[in-house]
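Below is one structure, written out as structure tokens; the observations come after it.
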Amino acid sequence: MGKGGALSESVLKKIVLSYTYVGIWIFLSFTVIVYNKYILDKKMYNWPFPISLTMIHMGFCSSIAFCLVRVFRLVEPVSMSRDLYLSSVVPIGALYSLSLWLSNSAYIYLSVSFIQMLKALMPVAVYSIGVLFKKDSFKSDTMANMLSISVGVAIAAYGEARFDSWGVFLQLGAVAFEATRLVMIQILLASKGITLNPITSLYYVAPCCFVFLLVPWIFVELPVLRESSSFHFDFVIFGTNSLCAFALNLAVFLLVGKTSALTMNVAGVVKDWLLIAFSWSVIKDTVTPLNLFGYALAFLGVAYYNHSKLQALKAKETQKKAAQADEEAGRLLEEREGDGMGKKSESQD
């Protein structure tokens, strides 16, 4: 009875911790998205400089990561040569900087709710680019599912009250660059046995992003910022915003490390619905029935995709365990045969 009680308590503790990690990630992701919208939207804080905001985030995250790795030595750096950094990390940093720049720019033109609906295309982009780079195999049923997600997003876009073609272009560009980055991580880093946690990832990638963003910033936003002499840097606003962005990276590590990537995908769907509800009820964005119908269709496609991935992972794990069991059985059989031969030769003597 005592053992059963202890087991139940242990399981309960694990469940509570898992939900806590999910809750922290949803809260921080929700906060960063709404905070960025607040800063960039012309009807709110009215600071429409997405490159500058992204550079502030990258500068802040680079500084914190440098202190944790080099000053306090709380995190071990990854052994990486200069050639490996230039050939693997720099391309990923370039893609990440473009993804962040375009996604932050979209907040100026589109509602929070509609942006979340467009983000449902991420599995479509990741799968398509994965097939293109031969990291995924083409399957007609998976492609049909990707098509259903795309149709759902198209219906949601058709029903959007504040449709802005430039904003949609920016967000779709952000999705494409982010999907390419995720595939490139597999090709350029994971395939070479290099794994980066959020701190080492920021330590290596964030400075790279900052440098890439510096070039368009000098020509696009710096001249405008020079002319707007009325602006004064608000350390509270931008400091807390950057801190939330850094904390979100840690939350991703906690969520994926303590649960799974699939849990994060499911939590992402919950977060998207919460953001849509918040956008409609608090920010007063218009959400039409056609919006909801289209996104619900896309949501079902994403849910089925996640379910298929889970089944594939389970099948792979089962095959791995079966192979290990066969190998162990074969080894034991060889040992028994060896012992039998030894005993036989002794009896003959």
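Quick rundown of the values:
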item	result
Complete set of residues in segment 69-81 that are open to solvent by less than 40 Å² (accessible area, probe 1.4 Å) and in a helix (DSSP H, G or I)	Val69
Checklist (1) open to solvent by less than 80 Å² (accessible area, probe 1.4 Å); (2) out of contact with any Ser or Thr (no Cβ under 6 Å at 6 or more places or on another chain) applied to Ala206, failing item	(2)
Tally of residues being open to solvent by less than 20 Å² (accessible area, probe 1.4 Å), aliphatic (A, V, I, L, M) and either closer than 19 Å to Ile187 by Cβ or not in a helix (DSSP H, G or I) (or both) across segment 108-124	1
Count of segment 142-155 residues which are open to solvent by 20 Å² or more (accessible area, probe 1.4 Å), under 24 Å from the mean Cα position of the chain (by Cα) and either under 19 Å from Leu110 (Cβ atoms) or touching a residue at least 24 places away in the same chain (Cβ under 8 Å) (or both)	5
Contacts under 7 angstrom Cβ, first residue in segment 82-107 being part of a helix (DSSP H, G or I), partner basic (Lys, Arg), 6 or more apart	Ile92/Arg181; Leu95/Arg181; Tyr96/Arg181; Ser99/Arg181; Tyr107/Lys37
Residues of segment 225-267 classified as modelled with pLDDT under 80 and among the basic types (Lys, Arg), total	1
Count - residues of segment 31-59 that are in contact (Cβ under 8 Å) with a residue 12 or more places away in the chain and open to solvent by 20 Å² or more (accessible area, probe 1.4 Å)	9
Test: residue in segment 164-173 that is modelled with pLDDT under 95 and of a type in the set (D, E, K, R)	no
Any chance Tyr158 is out of contact with any strand residue (DSSP E or B) (no Cβ under 6 Å at 6 or more places or on another chain), hydroxyl-bearing (Ser, Thr, Tyr), open to solvent by 20 Å² or more (accessible area, probe 1.4 Å) and more than 24 Å from Lys42 (Cβ to Cβ)	yes
Any hit, segment 310-323, residues being within 24 Å of the chain's Cα centre (by Cα), β-branched (Val, Ile, Thr) and under 25 Å from Ile15 (Cβ atoms)	no
Filter result (farther than 26 Å from Thr142 by Cβ, open to solvent by 80 Å² or more (accessible area, probe 1.4 Å) and in a helix (DSSP H, G or I)) within segment 271-319	Leu274, Trp280, Pro289
Qualifying residue in segment 164-171 (condition: among the polar types (S, T, N, Q), open to solvent by 60 Å² or more (accessible area, probe 1.4 Å) and within 30 Å of Ser279 (Cα to Cα))	yes
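Every residue, every condition in (1) β-branched (Val, Ile, Thr); (2) open to solvent by less than 60 Å² (accessible area, probe 1.4 Å), yes or no:
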{"residue": "Val183", "(1), (2)": "yes, yes"}
{"residue": "Thr200", "(1), (2)": "yes, yes"}
{"residue": "Val215", "(1), (2)": "yes, no"}
{"residue": "Arg226", "(1), (2)": "no, no"}
{"residue": "Val266", "(1), (2)": "yes, no"}
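Conditions (1) without any contact (Cβ under 8 Å) to a residue 40 or more places away in the chain; (2) within 25 Å of Val126 (Cβ to Cβ); (3) over 14 Å from the mean Cα position of the chain (by Cα), marked per residue:
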residue: Asn249; (1), (2), (3): no, yes, no
residue: Leu254; (1), (2), (3): no, yes, no
residue: Val266; (1), (2), (3): no, yes, no
residue: Trp273; (1), (2), (3): yes, yes, yes
residue: Thr286; (1), (2), (3): no, no, yes
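The values are calculated or read from the model by the stated rules, or taken from the named source; none is laboratory data. This one's a predicted model, so the numbers in the text were calculated from it and none came from an experiment. Quick reminder, even Gly has a Cβ in these numbers, built from the backbone with ideal geometry, and neighbours come from all protein chains shown. To get the accessible areas, we keep the full protein, side chains included, count just its heavy atoms, and leave off ligands, DNA and RNA. Shrake-Rupley method; radii C 1.70, N 1.55, O 1.52, S 1.80 Å.
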